[in-house]
Amino acid sequence: MIEIAGLRRIYRMGDVEVKALDGITLDIAKGEFLGIMGASGSGKTTLLHMLGLLDEPTSGHIIVEGTDITRLTDYEKTMFRLYKFGYVFQDYALVPDLTVMENVSLPAMLRKDRTEEQIQKDSDTVLEKIGLFERRDHLPRELSGGQQQRVSIARAIVNKPDILFADEPCANLDSENSRVVLELFREINEEMQQTIVMVSHEDWHKDYFHRIVRLRDGTVISDGYNGKEGKAG
Amino acid sequence: MGQKELKVAFLLALRSLQRGSRSSVILTVLIIGMCFTNMIFLPSLFNGIGQSITTQIVDYEVANVLVSPKSGDRYVTDLDATLDLINGMPGVERATPHYSKGATLKYRQRVLGVSVRAITPGDEKYVSPLYSKMIAGSYLGEADTGEVIIGKSVAGDATVREEDEFEPSLGGVRVGDSISIEYGNGFTREYRVKGIYFTGWSPVDNTVYTTWADMEEVEGKPLDQADYITVKAKPGYTEKFIKDELQQYGVSEKVQTTADLLSKSMGQALQTFAIINMVSLFVSIIITTVVLFIVITIKTLNSRKQIGILKAIGVDKEVIMHNYGFQVIILAILGIILGILITLALSVYMSYNPVVTPAWSATLYITPLDLLLNSVILFIAAIVAGYVPAYQVSREDIQTAMRS
Ligand SMILES: Nc1ncnc2c1ncn2[C@@H]1O[C@H](COP(=O)(O)OP(=O)(O)OP(=O)(O)O)[C@@H](O)[C@H]1O
Ligand SMILES: [Mg+2]
């Protein structure tokens, strides 16, 4: 469902060029739970941001279900993100002044194809799913880090996105909470056939991924299905 | 920008104000409220003073229309015929003559130079509320002779020593006392003080009124001339109407409305007022603009990352911008409401405790139009101040915002 071809991202800082991504070619299939791994600075976040339309490549193409998303206008990109993508970030990134319920409903409220009742129903359902329905009227600051991250997952999936992007969602969590969050991702992936692209550098996370892409210095050094990682190239 | 987007922007704005820093909201509203009060207070006070002076001038000096000698003449001549002519015109309540003469008053050891005004007391009642301002004794009768009424400032107060007096007086004249008046032409006579009045209008409170008959005695001849004639309009007739009518019907003297006179005599003062008003208006607008600009800029800077996230999850930049826009609108509305309340409270307070000076007493003169106009001006300033940083932050690149 996603085809990436010759993706490059070069940061220019004065005379120095940083090749954050140096020619990535990759296909991602529907329903896949893909892990992007690699050392710090290897370009994981940069790749995820390219895929998630949060940044523009220096060259190369990203085609999502036949649409070259690098060519969209600003507004089209915003709508693409709203209607097709879901995001979970490392630091939860909830709106501090909105309740759990309001945070979760927020992206749904902006969609033209959702009625008030549907938003309510969908939000209730995802909150039940993450086990925080009882806490729906609390503010984010009244929840633990793990709970906040679950709320941010609920916000990401409430619109039933085509692809869910997660950038180190467990980086701020202890292993107990990390496990809860990863289990949640697995559940979503299995029950709803949700395509997930997750960045992680914790080796033990790979147990949860179907497929693992390893980056080093902006290039793919290995790509393979879990247990039988093959060499890229 | 659809309804859903506006709804979300409004929700974000409302929640931010409700659940964000309470003290920041209160402080901002307070500042806008004070700025509004500042904008409207001085102009309203000046307006109040202007209104008070205008009322006094209408009541005690010129009524609605003033007929004065044509240029080159000292007096309005052929008085009886002119009065009859004017009094016969539609819309004229009454026309009365005034004739003043410089004189020296003597009472016990005190000597005081004043201008004595001759009036026709009965007619004057239709034109001026002087008759209702007696604080002792009674008003002049039409046929009185040998009697005068004097202003409170002229009468003075027996308990105040001469050297302590604010303005010179006769040092405590009471009703029934007799004072000596020596006119400029040498005519001197004792008059009985029939009444003492207090109007609050200093020029009148420093004068003495006598009857037309007494003044004829002073001049030693029937008085068929006057310094000027004051004309009072009937309710529903404009000053302009009366003026035009007078000129059409052949009153050959100089005819001026109160407004004509005021625009001449008060033009200078009004100009000064206008400048002060402008300055206070600008200061208020600048303070409001700067405060709101800073408040919103700080808010946006503090939530740059969050704004980046919102944009990342598909919230359109217009929603982000209007979120802050709505916050400003709500703050501005609350501030303006507070300002209106403060202003009205001040206005009520001042109507019970007016600023009193010897020349005038002023309360705040505020019209709904003033309130509306100032609200609109402040509101527009607030919106401009809020939308500038809101616009800027909403255009910011997602990457820069998210990685900050
Ligand atoms: N805005 C930027 N300007 C310049 N260089 C950048 C910028 N953003 C990222 N880089 C560089 O691009 C490279 C890849 O960065 P990226 O954030 O993708 O790494 P990462 O794999 O996500 O690392 P981490 O595990 O630490 O999050 C790094 O060398 C980084 O310094
Ligand atoms: Mg990263």
Rounded accessible area of B:TRP201 (nearest 10 Å², 1.4 Å probe): 30
On Cα atoms only, tilt of A:100-109 relative to the major axis of chain A in degrees: 60
Antiparallel DSSP beta bridges within chain A, percent to nearest 5: 60
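Rounded, prolate or oblate for chain B? Axes are the square roots of the Cα gyration tensor eigenvalues, ordered a ≥ b ≥ c, and the cut-off for rounded is a/c under 1.5. Before the final figure, lay out each step's value.
On the way: a/c = 4.35, a/b = 2.69, b/c = 1.62.
Here chain B falls in the prolate category.
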Using alpha carbons only: equivalent-ellipsoid semi-axes of the range B:1-60, gyration tensor based, whole Å: 45, 16, 6
For B:315-322, mean number of other protein chain Cβ atoms within 10 Å: 3
Contact order relative to length of chain A, as percent, for alpha carbon pairs under 8 angstrom and 6 or more apart: 28
Tensor-based shape of the range A:92-170 (alpha-carbon gyration tensor, a/c under 1.5 rounded, otherwise prolate or oblate): oblate
Shielding by other protein chains, A:80-87, mean Cβ within 10 Å: 3
Shape of the protein assembly as shown, Cα gyration tensor, a/c cut at 1.5: prolate
Degrees separating the helix A:175-192 axis from the principal Cα axis of chain A, which is the longest one: 90
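Counting DSSP beta bridges with both partners in the protein assembly as shown, what percentage is antiparallel, nearest 5?
So the antiparallel bridges amount to about 70 percent of the total.
Relative to the compact-globule scaling 2.2 N^0.38 Å, provide the ratio for the alpha-carbon radius of gyration of the range B:70-252. Could the numbers behind the result be given before it?
Numbers: Rg = 17.5 Å, N = 183, 2.2 N^0.38 = 15.9 Å.
So the range B:70-252 has a normalised radius of gyration of 1.10.
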Acute angle (nearest 10 degrees) that the helix A:116-130 long axis makes with the longest principal axis of chain A, alpha-carbon atoms: 70
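How do the peptides A:46-59, A:150-163 rank, highest first, by the average count of neighbouring beta carbon atoms within 10 Å per residue? Intermediate values should be presented prior to the final figure.
Numbers: A:46-59: 21.4, A:150-163: 23.9.
With the highest mean Cβ count within 10 Å placed first, the list reads A:150-163, A:46-59.
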Residue-wise HN-Hα coupling along the range B:318-324, computed from phi with Karplus coefficients 6.51, -1.76, 1.60 (Hz; x: Gly, Pro): 4, 5, 4, 4, 5, 4, 5
Signed unit charges on C-beta, dipole axis of the range B:70-252, positive-most listed residue B:SER138, B:GLY113, B:ILE86: B:SER138
Value of Rg/Rh across chain A [Cα atoms, Kirkwood radius]: 0.97
About the Cα centre, charge dipole magnitude for the protein assembly as shown (Lys/Arg +1, Asp/Glu -1 at Cβ), debye: 1480
Dipole of chain B [Lys/Arg +1, Asp/Glu -1 at C-beta], most positive-end residue of B:ALA226, B:GLN56, B:TYR249: B:GLN56
Taking the range B:70-252 and dividing mean pair separation by its residue count, relative contact order in percent (alpha carbons under 8 Å, at least six apart): 33
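Over chain B, what relative contact order in percent results from Cα pairs under 8 Å that are six or more residues apart? Let's see the in-between values first.
Details: 670 pairs, mean separation 113.0, N = 404.
Dividing the mean separation by the residue count of chain B yields 28 percent.
Step through the table entries B:LYS234/B:LYS254; A:LYS206/B:LYS305; A:LYS44/A:LYS160; A:LYS19/A:LYS129, compare each Cα-Cα distance with 32 Å, and write down the pairs that go over it.
Numbers: B:LYS234/B:LYS254 21 Å; A:LYS206/B:LYS305 29 Å; A:LYS44/A:LYS160 24 Å; A:LYS19/A:LYS129 41 Å.
Beyond 32 Å: A:LYS19/A:LYS129.
The values are calculated or read from the model by the stated rules, or taken from the named source; none is laboratory data. Only a predicted model underlies this, so the values are computations on that prediction, with no experimental measurement involved. Here Cβ is always computed from backbone atoms with ideal geometry, including for glycine, and neighbour counts include all displayed protein chains. Surface accessibility is based on the protein's heavy atoms, side chains included, excluding ligands, DNA and RNA. Shrake-Rupley method; radii C 1.70, N 1.55, O 1.52, S 1.80 Å.
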